[in-house]
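Each remark here refers to the structure printed beneath this line.
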Amino acid sequence: MSKLKAPEYKRFEEIKHIRDDKTEYWSARELAKALDYTQWRNFEKVIKRAMIACINSGHYVSNDFAEVSKIVEAGATTKPRSDYELSRYACYLIVQNGDPRKEVIALG
């Protein structure tokens with residue numbers, strides 16, 4: 001897989017995060033942008049469908065879709081914002097359940 005040169009694959013690998021224990025994850029909010037989703041609420045629907053697919057494949061959702069809350073600046077204040085730390089498998093399921101009218105999804 002590392003020999004792929006497609007811009008979409010590079011974009012996917014560029015947003016990968018590595019934890020101290022060397023496990024990798026992707027932020028759902030960053031993935032949404034990479035997959036050309038402009039509204040979080042639309043992307044959350046895709047995440048929910050991907051979670052159903054995860055369950056149906058015999059996996060535990062909590063292992064692949066870790067729900068997290070991050071503090072972000074909102075003007076002069078801060079507020080919590082929900083996100084997910086996604087496994088590579090969760091990202092795969094999201095692409096499979098995404099909007100096929102989006103070119104980046106169709107290429108996935």
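In the stretch 4-108, counting only helices (runs of 4 or more DSSP H) that sit wholly within it, the ones holding 2 or more residues that are touching a residue at least 60 places away in the same chain (Cβ under 8 Å) span 7-14, 28-34, 88-96, 103-107.
Looking across the stretch 65-104, the residues that are of a type in the set (Val, Ile, Thr) and closer than 14 Å to ALA32 by Cα come down to ILE94, VAL95, VAL104.
Residue under question is LEU107, and the condition is that it be buried (at least 16 other Cβ atoms within 10 Å of the Cβ) and not charged (D, E, K, R); does it hold?
no
Once the stretch 23-46 is narrowed to residues that are of a type in the set (Ser, Thr, Tyr) and surrounded by 13 or more Cβ atoms within 10 Å (Cβ to Cβ), the residue that is nearest to PRO100 (Cα to Cα) is TYR37.
A short reminder: the numbers here are calculations on the coordinates, not readings from a lab. None of the values given here were measured: they were computed from a predicted structure. Heads up, the Cβs are rebuilt from the backbone with ideal geometry, glycines too, and the neighbour counts pull from every protein chain shown.
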